[in-house]
């Protein structure tokens, strides 16, 4: 059944959107988050500052009205007919100009309104809500063409039982104009401040992320073969990443070297069987079939062996790797005892020691070392297990001829033989050392003080 296909253009757009949604730009993210946070803070701060300054302007305006009201009350007295009179004219000439924007009015029950000339033919509303002698401030819309700010207070003047209400009103235009100027200034100032902060955040993001661009260039140099490591120093937040990257490069180089070494081991191991088969075929040997079968079996064993080594390299980073040493030793001892019936293998030491090694690889290392000791020794093999704070040491001693100190390093080379008269490929010690090093262990060759032969000291990391 043929599946429906999408147009190439649509697929490309979907892939681009998917990449954008999953990755994006760190610079844009940082600048975007900073811009949102800056706008939020400036908005809240600007609103709070606007409220504070608006209240301050209004309060200052109210204080002026209160001063005028106190002056008006202070200059008031009761006339012969009980009406209110002013013993001196108001100081502000706006009270005398019609519709000037500043007004006063005095009212009392049973008396006509005493108004400033500026009110002309209008009057302030006297509301019933005022029932005490405290000062009241409020905004009024008594005049359709003029918004007022009114202050009023009830007073009992000496010589009068009437409750007089004194009112002073002023147009709100001066306040509103000051508030408009204030808000215009705040908006402009905060806009400039916000743009400056966003630009600063952008520059900070570009400068802060600049080391990552240097990392990219350094990695490009490594990929192109110009460099093998990142040698530059970076800020302390990025330097651990560089150290890990250099460690990864070194790890990959070691893996490549291990792969080359194992390939060389395998090539060396296959060289001799191939030579034998070639010679037998060239000479038309009568036992050619048996020779081919025998050598193919040897080659298959070598191939399986080196494939196992490759798997060991893949397993070495496993944090779950853990093996008990004693059961592995017992299994190897049983196998060696069946192969070499005249050899005695004695085990001693810590029966509870465990190492951070896969069981297959531990069996392989112990098998190679103990089998070599049994093959080239005089009939006795002694194995001791010892746990130290740093590692687990396994000593394999034999009573053979041993190895001269000058040859203890070369014996690990591919194809090196302890005794060419005995069967083998010369890979046992080399492979055991390789596997030990895969797990950050080691193998050292010494002389056995007790048995007089060779002592192989295998060190492996402790299990966590």
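Tabulated data
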{"quantity": "Selected residue (only one of 419, 413, 398 is modelled with pLDDT of 80 or more and in the same structural domain as residue 373 (by TED's automatic domain parsing))", "calculated": "398"}
{"quantity": "Test result for residue 197, out of contact with any helix residue (DSSP H, G or I) (no Cβ under 7 Å at 6 or more places or on another chain), under 30 Å from residue 49 (Cβ atoms) and either surrounded by 17 or more Cβ atoms within 10 Å (Cβ to Cβ) or without any contact (Cβ under 8 Å) to a residue 60 or more places away in the chain (or both)", "calculated": "no"}
{"quantity": "Matching entry among 295, 253 (being at pLDDT 80 or above and within 27 Å of residue 434 (Cα to Cα))", "calculated": "253"}
{"quantity": "Among (1) assigned to a helix (DSSP H, G or I); (2) over 60 Å from the mean Cα position of the chain (by Cα), the one test that residue 141 misses", "calculated": "(1)"}
{"quantity": "Which listed residue is without any contact (Cβ under 8 Å) to a residue 12 or more places away in the chain, under 53 Å from the mean Cα position of the chain (by Cα) and farther than 26 Å from residue 270 by Cβ, from 334, 408, 386", "calculated": "334"}
{"quantity": "Candidates 287, 304, 350, filtered to the one that is modelled with pLDDT under 90 and either outside the structural domain of residue 266 (by TED's automatic domain parsing) or over 25 Å from residue 434 (Cβ atoms) (or both)", "calculated": "287"}
{"quantity": "Tabulated pairs, the range 120-137, first under 12 Å from residue 152 (Cα atoms), second part of a loop (DSSP other than H, G, I, E, B), C-beta under 7 angstrom, 6+ apart or interchain", "calculated": "136/130"}
{"quantity": "Qualifying position, being part of a helix (DSSP H, G or I), surrounded by fewer than 15 Cβ atoms within 10 Å (Cβ to Cβ) and not assigned by TED's automatic domain parsing to the domain that holds residue 436, among 218, 250, 280, 269", "calculated": "250"}
{"quantity": "Matching residues in the range 441-464 - criterion: being at pLDDT below 85 and more than 21 Å from residue 398 (Cα to Cα)", "calculated": "463, 464"}
{"quantity": "Any hit, the range 253-261, residues being within 43 Å of the chain's Cα centre (by Cα), in a helix (DSSP H, G or I), touching a residue at least 24 places away in the same chain (Cβ under 8 Å) and crowded, with 17+ Cβ neighbours inside 10 Å", "calculated": "yes"}
{"quantity": "Check on residue 173, farther than 17 Å from residue 126 by Cα, touching a residue at least 24 places away in the same chain (Cβ under 8 Å) and either in contact with a helix residue (DSSP H, G or I) (Cβ under 9 Å, 6 or more places away or on another chain) or surrounded by 12 or more Cβ atoms within 10 Å (Cβ to Cβ) (or both)", "calculated": "yes"}
{"quantity": "Candidates 111, 166 - the one that is surrounded by 14 or more Cβ atoms within 10 Å (Cβ to Cβ) and part of a loop (DSSP other than H, G, I, E, B)", "calculated": "111"}
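For (1) at pLDDT 90 or above; (2) under 18 Å from residue 153 (Cβ atoms); (3) crowded, with 18+ Cβ neighbours inside 10 Å; (4) touching a strand residue (DSSP E or B) at 6+ places or on another chain (Cβ under 8 Å), each residue gets a yes or a no:
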{"residue": "66", "(1), (2), (3), (4)": "yes, yes, no, yes"}
{"residue": "72", "(1), (2), (3), (4)": "yes, yes, yes, yes"}
{"residue": "77", "(1), (2), (3), (4)": "yes, yes, no, yes"}
{"residue": "87", "(1), (2), (3), (4)": "no, no, no, yes"}
{"residue": "90", "(1), (2), (3), (4)": "no, yes, yes, yes"}
{"residue": "100", "(1), (2), (3), (4)": "yes, no, yes, no"}
{"residue": "104", "(1), (2), (3), (4)": "yes, yes, yes, yes"}
{"residue": "118", "(1), (2), (3), (4)": "yes, no, yes, yes"}
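For every residue, the table says whether it meets (1) surrounded by fewer than 17 Cβ atoms within 10 Å (Cβ to Cβ); (2) under 19 Å from residue 429 (Cα atoms); (3) touching a strand residue (DSSP E or B) at 6+ places or on another chain (Cβ under 9 Å).
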site: 352; (1), (2), (3): yes, no, yes
site: 367; (1), (2), (3): no, yes, no
site: 373; (1), (2), (3): no, yes, yes
site: 376; (1), (2), (3): no, yes, yes
site: 381; (1), (2), (3): no, yes, yes
site: 400; (1), (2), (3): no, yes, yes
site: 403; (1), (2), (3): no, yes, yes
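The values are calculated or read from the model by the stated rules, or taken from the named source; none is laboratory data. Bear in mind that the values here come from a model prediction, so they are computed numbers and not experimental data. Ideal geometry is used to build each Cβ from the backbone, glycine not excepted, and the neighbour counts take in all protein chains shown.
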